[in-house]
Structure formats: C-alpha cells, structure tokens
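Each reported figure results from applying straightforward, stated rules to the coordinates on display, with no laboratory input. None of these values were measured; they are calculated from a predicted model. Ideal geometry is used to build each Cβ from the backbone, glycine not excepted, and the neighbour counts take in all protein chains shown.
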Amino acid sequence: RRHTRYISVTGVQTCALPISIQNNVANLNRQGISLLDSTNNDINGNTASSNTQYGIYFSGSTDNNLTNNTINSNTFNGVYLSASADNNLTNNTINSNGTGILINASSSIITGNTTNSNRNYGIYALSSGSSTITNNTSNLNKNLGIMLVSSESSTITDRKSTRLNSSHTDISRMPSSA
C-alpha cells in the first residue's frame, strides 16, 4: 500500500497583494511558493525543496524580486515563471530539479544564479523576449546549461561558467519558427 503525503498543496501562496516572503521553509508540497496574478513581491532567503511540482511558481505575476533562495530537488522545475513579465531572479541556488529555471515570460532579469545538476536544463527561456541572462553558473545539467527558444531579443552576457553539460553544448539559441 502506497501513501502519498503532502503538507499542503502550496506551502506559501499569494494572490494580488504585494507582500514580502522571507526566511520560510516550503518543502514537501506540490508547489513550495506560488504567486498568482501578483505584483511587487519580495521573495528572499527561503528554502523550497522536494516539492512534487515546482519550488517557486509565478503565474501572471510581474515586477517581483526572487533573491537569495535555495531551491533544490523539485520534481518539475526549481523556478517556473509563466506569463510573468519584468521579474528579477538574483543570487539563487537552484540545483537538482527537473529544469532549474524555466521562464515563459518577457523582460525578466536572471543574474548571479547557480543552476547545477538539473535533469534537463539549467536555464530554459521560451518566448522570453527582452530578458537578460547574465553572470549565472550552470554546470552538469543533463541537456544544456542555458537554452533560449523564440527569445530573439534576449541577451546572455558574462556567464561565469557553463560547462560539463551532457549535450556537449553549453548554450543554445533557437529562433522562432517561420
């Protein structure tokens, strides 16, 4: 007989109100921390690990800061930004997830993060135009360190290290289909 136990569906969730989420532990949930249609939040110094979906999930959420969090060993993605523009992800440790950071959102800044040993990609940007990915470390991921798909106006600069990823290619950019 198999038992599946969740502490809750989401460890910490906010909708619409700007708040500060600091120094929490959100482990063993479906989603560790979730922002839904929310603006101007600060998520700082939290741990979101071993969740069955995402460590931290933004949906329709803009102008948020995700800083100095530890996001490890989540089944799908460590951080997933869905339809969430203008967010800043800075100095987070995001290791051993399905994909470290998955963004499907424009104009985000991803800087100084560590995304190592993920089962797919370190950072995967899909339709994320005008985003900046700079000074991140992305090593030992099964596929690529950094992958951009349909994100032509996004930039990658000053990468600290993108090596030893299984694909033997560390950064890839794929244009939109014609």
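Per residue, the convex hull spanned by the Cα atoms of region 38-167 amounts to 75 cubic angstrom. 3J(HN,Hα) along region 139-146: 10, 6, 8, 5, 9, 10, x, 9 Hz, from the Karplus curve 6.51 cos²θ - 1.76 cosθ + 1.60 with θ = phi - 60°, whole Hz, x for Gly and Pro. As a calculated quantity, the FRET efficiency between Asp86 and Thr52 at R0 = 30 Å, using C-beta atoms, amounts to about 0.60.
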